[in-house]
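Everything on this sheet refers to the single structure shown next.
The values are calculated or read from the model by the stated rules, or taken from the named source; none is laboratory data. Note that the structure is predicted; figures quoted are calculated from it, not measured. Backbone-built Cβ (ideal geometry, glycine too); neighbour counts: all protein chains shown. All accessible areas refer to the heavy atoms of the entire protein, side chains included, with ligands and DNA or RNA removed. Shrake-Rupley method; radii C 1.70, N 1.55, O 1.52, S 1.80 Å.
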Amino acid sequence: MQPIYSLSTALIAGIMATVLLPPAAACGYHGTIGNYFSVMYPSSLVVAVALKRASDEGVIDLGETRIGTRPTKQYLDAVRQLNKLQTALAKSVSPNDSPPSFSLGFIESGLWTRYSVTDGQVRMEVHVGGPAEGDAVVLTAEPVLARMLSGALPSEDALSRELIVIDAPITRYQALHPFLTGAFLRSGEAPSAG
């Protein structure tokens, strides 16, 4: 007699795997084989579906999200984009601002980076084990971040398409949203002549 598996059994198994698995695993740039898409955080599936839809509409090339035969180069490219975000955030913060800390996760690689602001300075910690307790969570893919930073993809369009998702309590969301969108606007602007 074969066992009967139900949706509830599958759901319980998924929840147990989420709870029981260690919180930090190697990101897709370090030590995994194949495509890394997984449910690294509850909202990551929303972003993955949005990426597929955006690919079908010609907004994003899903080929850019694959970890290929040169993972070290791809990791360095991803870190370059994360550094650009840090620079853009630094231009957006004023001494009186106190935006919430947030952890940004690339869903295609599982790479987590934490951003925090202390005394008007934006700190960045790359390759952390996941979101820190109390952090807002921002989920996206590296090509989406690159397009937003270049101005090729407006952040509000990316947010409405769910190519970037901010998961936070409403007060943190309301503080983080303008901080992030301001950073994307400033990074995509042409430098002033003067």
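For Ala88, indicate whether it is within 16 Å of Leu159 (Cα to Cα) and surrounded by 20 or more Cβ atoms within 10 Å (Cβ to Cβ). So Ala88 fails the test.
Of all residues in the stretch 98-131, those satisfying the criterion of being in contact with a Ser or Thr (Cβ under 6 Å, 6 or more places away or on another chain) and under 15 Å from Pro42 (Cα atoms) are Leu104, Ile107, Glu108, Trp112, Pro131. When Arg147, Arg123, Arg186 are screened for being basic (Lys, Arg), within 17 Å of Leu82 (Cβ to Cβ) and touching a Lys or Arg at 6+ places or on another chain (Cβ under 7 Å), only Arg186 passes.
Rundown of residues vs (1) open to solvent by 90 Å² or more (accessible area, probe 1.4 Å); (2) modelled with pLDDT under 75, yes/no style:
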| site | (1), (2) |
| --- | --- |
| Ala13 | no, yes |
| Cys27 | no, yes |
| Arg70 | yes, yes |
| Ile107 | no, no |
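Considering only residues that are modelled with pLDDT under 80, outside any helix (DSSP H, G or I) and within 15 Å of Ala141 (Cα to Cα), which ones fall in the stretch 29-67? Across the stretch 29-67, the qualifying residues are Tyr29, Asn35, Tyr36, Phe37, Ser38, Val39, Arg66, Ile67. Scanning the stretch 160-173 turns up one or more residues that are over 18 Å from Ser101 (Cα atoms) and either open to solvent by less than 20 Å² (accessible area, probe 1.4 Å) or in contact with a Phe, Trp or Tyr (Cβ under 8 Å, 6 or more places away or on another chain) (or both). Of all the numbered requirements in (1) in a helix (DSSP H, G or I); (2) over 24 Å from Pro169 (Cβ atoms); (3) under 13 Å from the mean Cα position of the chain (by Cα), Glu108 misses one, and that requirement is (1).
Across the stretch 142-184, the qualifying residues are those that are without any contact (Cβ under 8 Å) to a residue 24 or more places away in the chain and of a type in the set (Gly, Ala, Ser), and the one among them that is farthest from Gly110 (Cα to Cα) is Ser160.
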